[in-house]
Amino acid sequence: MRIESAEVVVTSPGRNFTTLRIVTEDGVTGLGDATLNGRELAVASYLRDHVVPLLLDRDASRIEDTWQYLYRGAYWRRGPVTMAAIAAVDTALWDIKAKAAGMPLYQLLGGASRSGALAYGHASGRDVPELLDSVRAHLEQGYRAIRVQTGVPGLASVYGVASSSAGGGERY
């Protein structure tokens, strides 16, 4: 199963998520996260300019070989940009292998290790009353852990507050 294409996608509010999408000649798609907050464009450029050309026409099933090739073949190895890029390739190739095997990735990697995971909701508001309304709404949805963030008096927008202009005015 040869790698036919690889695409780097930078997305989210303010561009802070970097994803690698690898597609095989059989049309199987694998996704890998390459996010390195604050340096996402460095990882995206490294992937596009240096890693993707090396992936094309490689055997997608040779995950360890590809990892070693990328890790040992780079002159500047072991830095956070390089390792974020290699991690994205590794994850995307494991995703492809799991799809080809017809099972969820966690099954391929040894099975479930817990029955659930605690997730938190992000409550925010322009002021304290709006924040408390958001907290109540999250509690009604069943969240047991809630991150809270409110606007700052005198500032028109605060990153992470969905109802401010920095958050786009709606939940993201």
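Looking only at segment 138-151, count every residue that is open to solvent by less than 70 Å² (accessible area, probe 1.4 Å), farther than 17 Å from Gly116 by Cα and out of contact with any strand residue (DSSP E or B) (no Cβ under 6 Å at 6 or more places or on another chain) and tell me the total.
Summing the residues that are open to solvent by less than 70 Å² (accessible area, probe 1.4 Å), farther than 17 Å from Gly116 by Cα and out of contact with any strand residue (DSSP E or B) (no Cβ under 6 Å at 6 or more places or on another chain) in segment 138-151 gives 1.
Suppose we keep only residues that are under 19 Å from Thr82 (Cβ atoms) and in a loop (DSSP other than H, G, I, E, B) within segment 17-50. Which one would you say is modelled with the highest pLDDT?
Ranking the candidates gives Ala34 first.
Just one of the numbered conditions (1) free of Cβ contacts under 8 Å to residues at least 60 places away in the same chain; (2) assigned to a loop (DSSP other than H, G, I, E, B) is not true of Asp65; which one?
(2)
Among the residues of segment 8-23 satisfying the criterion of being under 22 Å from Tyr71 (Cβ atoms) and more than 10 Å from the chain's Cα centre (by Cα), which is least open to solvent (accessible area, probe 1.4 Å)?
Checking each candidate, the answer is Ile22.
Is it true that Val81 is open to solvent by less than 50 Å² (accessible area, probe 1.4 Å) and over 23 Å from Leu108 (Cα atoms)?
So Val81 fits the description; yes.
Quickly run through segment 37-50 and pick out the residues that are out of contact with any strand residue (DSSP E or B) (no Cβ under 8 Å at 6 or more places or on another chain) and either at positive phi or buried (at least 19 other Cβ atoms within 10 Å of the Cβ) (or both).
Listed by number, the residues that qualify are Gly38, Tyr46.
Would you mention how many residues in segment 88-124 are open to solvent by less than 60 Å² (accessible area, probe 1.4 Å) and charged (D, E, K, R)?
2
For segment 22-50, give me each residue that is of a type in the set (A, V, I, L, M, F, W, C) and under 17 Å from Thr91 (Cα atoms).
Ile22, Val23, Val28, Leu31, Ala34, Leu36, Val43, Ala44, Leu47
Could you please give the count of residues in segment 24-36 that are under 9 Å from the mean Cα position of the chain (by Cα) and open to solvent by less than 10 Å² (accessible area, probe 1.4 Å)?
Count: 2.
Among what's in segment 51-76 and is over 21 Å from Trp94 (Cβ atoms) and at pLDDT below 95, pick the residue that is surrounded by the most Cβ atoms within 10 Å (Cβ to Cβ).
Among them, the one singled out is Trp76.
The values are calculated or read from the model by the stated rules, or taken from the named source; none is laboratory data. Just so it is clear, the structure is predicted and the values come from calculations on it, not from any experiment. Don't worry about glycine lacking a Cβ; one is built from the backbone with ideal geometry, like all the others, and counts go over all protein chains shown. Surface areas here come from the heavy atoms of the whole protein model, side chains and all, with no ligands, DNA or RNA. Shrake-Rupley method; radii C 1.70, N 1.55, O 1.52, S 1.80 Å.
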